[in-house]
Amino acid sequence: MPLKLREVTTEAEFGRVCAVETEAFKDPFFGFWQVFYGTGSQEDFCSRQWSWHKDDPSSNWLYVEDEETGSVIAGAQWNIYEKSPYAKESEMLTPYWVPEGDFKDVAGQLLKGFLSYRPIRMNEPHILLSFCFTHPEHRRRGAGRILMEWGTKKADELGLPSYIEATDIGLQLYESCGFKIEGDLDLDATTKNPSEGFIILREKLGCPIHGWFMRRPANNRIE
């Protein structure tokens, strides 16, 4: 069945991609992604992500469609920064979409841990793979590689390095595309005298959460 790469251009299109994103990060469950999803509805989540995309000139959302069925089977967001986004200090994103309570406390710590190192490790013009996912029923069909090739080709055209904050499930694909591990990414949430709700949430999200910081040099050259 032929696969076609497409770029998201409308909110309706993005809704289909977002639905696949939700299914992908539920199987296997990825606790850190739940921070972005929050506690609201699927509609709320999609609307918020679409708003972020529209307000961010660096954002490029792409998806892979099965041309035989018309189904969206995979998606990715590549952010292109032709100038360092960290050249000037800016306010760090906080989980404003999460109501006050234990979840907001845990989510805030995880998000801060995730974002705080970027100005140090990524302070240069670059391309970032922010999200990449494939529907559980359509893995091993090459959709992820199609999405990766779009980003690596764009990086080579612009002469920019690329970054990924990877989980184990995508590690082999990313390495085959020229990305190399440059360090660990460890996220956790702690507090003195944690409430029962805090403890349950931390365990539910799989804390501590481990990932990999990966980099691909410009034009995949040896550095």
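Every read-out reported here was derived from the displayed coordinates using simple, explicitly stated rules and does not represent laboratory data. Everything quoted here is computed from the prediction, not taken from an experiment. Here the Cβ is made from the backbone with ideal geometry for all residues, glycine too, and neighbour counts use every protein chain on show.
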Report summary line: Most exposed first, judged by fewest Cβ atoms within 10 angstrom, I127, I209 run I209, I127
Query - Descending semi-axes in whole angstrom, ellipsoid equivalent of the range 24-147, from the Cα gyration tensor - result: 26, 21, 13
Report summary line: Expressed as a whole-number percentage, the relative contact order of the chain with C-alpha contacts under 8 angstrom and at least six residues apart is 22
Query raised in the report: So what is the relative contact order for the range 161-217, in percent, with contacts set as C-alpha pairs under 8 Å and at least six apart?
Result: 62
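Full extension from N219 to T190: what is 0.36 nm times the residue separation minus their Cα-Cα distance, to one decimal in nm?
Between N219 and T190, full extension yields 6.4 nm more.
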Query - Rg(Cα) / (2.2 N^0.38 Å) computed for the range 81-128, rounded to two decimals - result: 1.36
Report task. Give the peptides 78-91, 111-124 in descending order of average Cβ contacts within 10 Å, highest first. Result -> 111-124, 78-91
Query raised in the report: Which value in deg cm²/dmol, rounded to the nearest 500, describes the helix-derived mean residue ellipticity at 222 nm for the chain, given -39,500 (n - 2.57) per DSSP H run of n ≥ 4 and division by the residue count?
Result: -12000 deg cm²/dmol
Report summary line: For the chain, the convex hull over Cα atoms projects on average to an area in nm² of 12.6
Query raised in the report: Between T69 and D44, what is the spin-label point distance in nm, taking each point 7 Å from the Cα along the Cα→C-beta axis?
Result: 3.0
Requested in this report: Give me Rg over Rh for the range 1-74, both radii from the alpha carbons and Rh done the Kirkwood way, two decimal places.
Outcome: 0.98
Requested in this report: Give the order of W52, W61 when sorted by the count of other beta carbons within 10 angstrom, beginning with the fewest.
Outcome: W52, W61
Requested in this report: From the P(r) of the range 116-223, can you give the percent of Cα pairs sitting at distances over 20 Å?
Outcome: 49
**Report entry** Percent RCO, i.e. relative contact order, over the range 41-148, from Cα pairs under 8 Å lying at least 6 residues apart
**Finding:** 32
Requested in this report: Provide the per-residue ³J(HN,Hα) series for the range 64-74, in order, calculated from phi with Karplus coefficients 6.51, -1.76, 1.60 and θ = phi - 60°, each as a whole number of Hz, with x at glycine and proline positions.
Outcome: 10, 10, 7, 5, 6, 9, x, 7, 6, 10, 7
Report task. Sort out for me the Cα centre separation of the range 43-101 from the range 188-223, rounded to whole Å. Result -> 19
Query - Phi-based couplings in Hz for the range 2-7 (Karplus 6.51, -1.76, 1.60; Gly and Pro marked x) - result: x, 10, 10, 7, 9, 9
Query raised in the report: Here are some pairs, K153/K204; K26/K112; K26/K88; K26/K83; which of them have Cα atoms lying more than 32 Å apart in this structure?
Result: K153/K204; K26/K88; K26/K83
Query - Gained length - E23 relative to R118, 0.36 nm times residue gap less alpha-carbon distance - result: 31.4 nm
Query raised in the report: Hey, fewest Cβ within 10 Å first, where do H126, H210 land in order?
Result: H210, H126
